[in-house]
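The values are calculated or read from the model by the stated rules, or taken from the named source; none is laboratory data. Treat the numbers as computed from the prediction; the structure is a model and nothing was measured. Using ideal geometry, Cβ is built from the backbone for each residue, glycine included, and neighbour counts are taken over all protein chains shown.
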Ligand SMILES: Nc1nc2c(ncn2[C@@H]2O[C@H](COP(=O)(O)OP(=O)(O)OP(=O)(O)O)[C@@H](O)[C@H]2O)c(=O)[nH]1
Ligand SMILES: [Mg+2]
């Protein structure tokens, strides 16, 4: 899989998505530091929310092949400036989480990610696994074999999910 760095404000769902992508049992842990898993770089929300940590984030971005900007569908505003994606010398994708929340406004989140410059936008519920397979397919490299291609299930994430 191509290595991805996940960036988004606190509570946007970076760690939960990391767990869904890693097929781990989903648990809540506040992120205090940057976790380098083999193919996913999970960052603390404070990296986006404070100026001082922005430089550290820029450094980590260069260790990934893809940058994922996360917004939860319940967020009332976006912290991503318009046309920010050319700052990263990498493909930048948008990921909308919490799509099944009763307060979700998916269209608004999608507009913010488009405004930021994301080339492709994914919609997921990391708790149920809905839509997560599309991120796997995007990150897949030639030699990778995805769990559903082998007939396995990955933590409830099914290939035949329409979102
Ligand atoms: N229903 C639902 N809940 C989610 C989803 N993503 C995250 N959550 C919940 O939102 C809360 C925050 O998720 P985290 O993954 O810890 O958020 P984070 O972006 O890692 O937050 P920081 O580590 O503080 O930056 C947790 O209670 C998750 O269970 C989702 O796609 N669907
Ligand atoms: Mg976290």
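Observations, loosely collected:
- Residue within segment 108-115 that is in contact with a helix residue (DSSP H, G or I) (Cβ under 9 Å, 6 or more places away or on another chain) and surrounded by 14 or more Cβ atoms within 10 Å (Cβ to Cβ) present: no
- When segment 65-95 is limited to residues that are in a loop (DSSP other than H, G, I, E, B), crowded, with 21+ Cβ neighbours inside 10 Å and touching a strand residue (DSSP E or B) at 6+ places or on another chain (Cβ under 7 Å), the one that is modelled with the highest pLDDT turns out to be 73.
- Residue 31 vs. criteria at pLDDT 80 or above and within 10 Å of ligand 1 (Cβ to nearest atom): no
- Restricting attention to segment 123-132, the residues being farther than 21 Å from residue 76 by Cβ and crowded, with 23+ Cβ neighbours inside 10 Å number 1.
- The combined condition, being within 14 Å of ligand 1 (Cβ to nearest atom) and at pLDDT below 90, is fulfilled by residue 156.
- Selection within segment 3-21: residues that are part of a loop (DSSP other than H, G, I, E, B) and within 19 Å of residue 121 (Cβ to Cβ). The member of this set that is nearest to ligand 1 (Cβ to nearest atom) is 13.
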